[in-house]
Amino acid sequence: MLDESLKRVSVLGAAGKMGSGISLLLLQEMARREAMYTGGVGNGEYSLVLIDANKAALGSLRRYLRSQVRRFAEKNINPLREFYAENRVLISNEEIIDAFVEGAIDMVRFETEVEQAKESLLIFEAILEDVEVKTEVFAKINSVGRDDAYYFTNTSSIPIGVLSKKSGLGGRLIGYHFFNPPPVQRLLEIIPAEETNKQLIEDATLLAEIFRKVVVTSKDVAGFIGNGHFIREIDYAFRKVRELEKEYSRPEAILMIDRVTRDFLLRPMGVFQLIDYVGIDVCQEVINIMTHYLGVSFERSLIDQMVHERVLGGQNPDGSQKEGFFQYEKRKPVKIYSEGAYTDFPKIALDDLPKGHIPWKQLHKMKDREVVLRNYFHDLFAMDTLGAQLAQGHLYESREIARNLVKEGVAETVEEVNLVLRNGFYHLYGADNPWIPEKTSMRAGP
């Protein structure tokens with residue numbers, strides 16, 4: 001069934017940072033299939049409708065897809081030569097690549113009205129993280145579209161059952177949460193609602209395998225596994241900043257926590273840099289959604305203040321980092337936001353890193369890093385400095401969050417949470433592992 005469904009596909013919000021990546025994954029696979037089955041691409045058998053209200057952004061999307069599909073063709077020239085073997089006109093690699101790229105772009109229709117998805121069998125949505133906006137769009141397409149179409153929503157936090165009921169899609173909607181950027185990130189969260197069609201679940205899982213994604217299935221609970229952990233870790237980090245502000249300035253406290261969560265915990269980014277990357281306003285919206293549907297409260301005053309002052313983070317169209325808690329040069333934090341302006345980093349009262357520390361950028365390339373990690377955390381938990389105590393507290397909190405996600409049924413096992421952290425957030429280790437002692441054997445501290 002998936003073979004036929006992949007011939008008629010639409011993407012809503014196709015020109016956004018998530019939608020463009022999803023569009024690329026689909027276009028590459030659809031073009032590859034048409035070339036494999038028919039010996040050519042762009043003959044009308046496959047159709048990809050890319051929809052975005054921003055008409056100018058669709059022009060940029062076309063250029064992005066053309067350049068990326070060319071790179072895809074260059075990397076896959078050997079199978080492409082086999083697919084085009086019967087074509088006597090195309091002889092050189094360059095001719096085959098050009099034909100594949102032009103055929104792929106011819107397969108695409110660029111539209112601004114959501115109703116243009118009405119003939120599609122698979123409809124992927126990557127629009128604003130807002131219940132009313134999503135359900136209105138789904139309902140609009142459903143009123144004119146096919147009653148056998150399946151819908152895939154890229155929501156990172158909204159319960160799928162809520163979207164399904166409010167839009168009238170019933171069992172034809174599934175959560176399909178890509179991580180940013182979709183063509184690169186390995187992880188894909190699949191979230192079926194209770195009423196989700198079994199065939200849709202099978203097709204969604206098979207498609208994820210085709211995309212070569214690491215799949216984690218989450219229970220349909222607001223925030224799912226990824227944001228279920230991330231937002232609670234933000235909550236903990238904010239509470240630590242509040243505690244540190246009793247002795248230090250806010251810039252000092254933020255910088256301490258960011259450095260601890262990056263350097264002491266061996267992560268690619270500190271928690272505040274990661275919030276900037278995701279988008280401060282995006283994090284606020286996810287917190288709003290989780291607060292509403294879970295009935296719990298999170299420490300959020302830092303985020304609310306930044307959004308109030310219109311300091312939002314996120315990325316520019318060229319992929320460069322916008323200003324948020326930090327100001328950036330070549331994606332590296334160089335200054336910190338304080339009272340309406342960016343100032344130089346203050347000196348912070350953190351001691352040296354544990355013995356045997358190796359930065360994430362170097363460590364993630366090492367094949368024997370398990371031994372290094374075990375020895376590093378042994379040294380970390382033997383220390384009694386402020387930085388070590390803060391790091392120990394974060395590790396313990398992360399593990400508690402993971403275990404609670406399992407207790408609440410969001411994840412079936414802690415290993416699923418570990419998979420999300422390793423593949424979606426690029427941590428070098430999971431939240432629950434033997435290197436981290438139980439709380440009773442931990443040194444008292446923050």
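Within segment 355-376, is there a residue that is farther than 22 Å from Tyr236 by Cβ, polar (S, T, N, Q), assigned by TED's automatic domain parsing to the domain that holds Glu245 and buried (at least 17 other Cβ atoms within 10 Å of the Cβ)? For segment 355-376, residues farther than 22 Å from Tyr236 by Cβ, polar (S, T, N, Q), assigned by TED's automatic domain parsing to the domain that holds Glu245 and buried (at least 17 other Cβ atoms within 10 Å of the Cβ): absent.
Within the option set Val131, Val137, being within 20 Å of the chain's Cα centre (by Cα) and over 15 Å from Ile22 (Cβ atoms) holds for one residue only, Val131. Within segment 80-92, the set of residues being out of contact with any helix residue (DSSP H, G or I) (no Cβ under 6 Å at 6 or more places or on another chain), in contact (Cβ under 8 Å) with a residue 40 or more places away in the chain and either under 14 Å from Gly103 (Cβ atoms) or of a type outside the set (A, V, I, L, M, F, W, C) (or both) comprises Glu86, Asn87.
Filtering Thr196, Thr205 for residues that are crowded, with 22+ Cβ neighbours inside 10 Å and under 20 Å from Leu163 (Cβ atoms) leaves a single hit, Thr196.
Report yes if Glu195 is outside any helix (DSSP H, G or I), closer than 16 Å to Glu416 by Cβ and assigned by TED's automatic domain parsing to the domain that holds Thr153, otherwise no. Criteria not met by Glu195. Among the residues making up segment 102-118, a single one is in contact with a strand residue (DSSP E or B) (Cβ under 6 Å, 6 or more places away or on another chain) and small (Gly, Ala, Ser): Ala117.
Just one of the numbered conditions (1) buried (at least 23 other Cβ atoms within 10 Å of the Cβ); (2) touching a Lys or Arg at 6+ places or on another chain (Cβ under 6 Å) is not true of Ile234: (2). Of the helices (runs of 4 or more DSSP H) entirely within segment 1-90, those holding at least 3 residues that are under 28 Å from the mean Cα position of the chain (by Cα) and polar (S, T, N, Q) occupy 17-38, 55-75.
Pro437 meets each of the listed conditions (1) in contact (Cβ under 8 Å) with a residue 40 or more places away in the chain; (2) in a loop (DSSP other than H, G, I, E, B); (3) surrounded by 17 or more Cβ atoms within 10 Å (Cβ to Cβ) apart from (3). The single condition from (1) modelled with pLDDT of 95 or more; (2) in contact with a Gly (Cβ under 6 Å, 6 or more places away or on another chain); (3) closer than 19 Å to Trp360 by Cβ that Gln389 fails is (3).
Please work out which residue is surrounded by the fewest Cβ atoms within 10 Å (Cβ to Cβ), limiting yourself to segment 109-136 and to residues that are of a type in the set (Asp, Glu) and not in a loop (DSSP other than H, G, I, E, B).
Applying the filter and picking the extreme gives Glu132.
Scanning segment 387-426 for residues that are more than 27 Å from Pro354 (Cα to Cα), crowded, with 19+ Cβ neighbours inside 10 Å and among the small types (Gly, Ala, Ser) yields a single hit, Ala411.
Looking across segment 209-227 at every residue that is of a type outside the set (Val, Ile, Thr) and over 13 Å from the mean Cα position of the chain (by Cα), the one that is farthest from Asp3 (Cα to Cα) is identified as Ala222.
The values are calculated or read from the model by the stated rules, or taken from the named source; none is laboratory data. Keep in mind that what you see is a predicted model, and the values were worked out from it rather than measured. Note: ideal-geometry Cβ built from the backbone for every residue, glycine included; neighbour counts use all protein chains shown.
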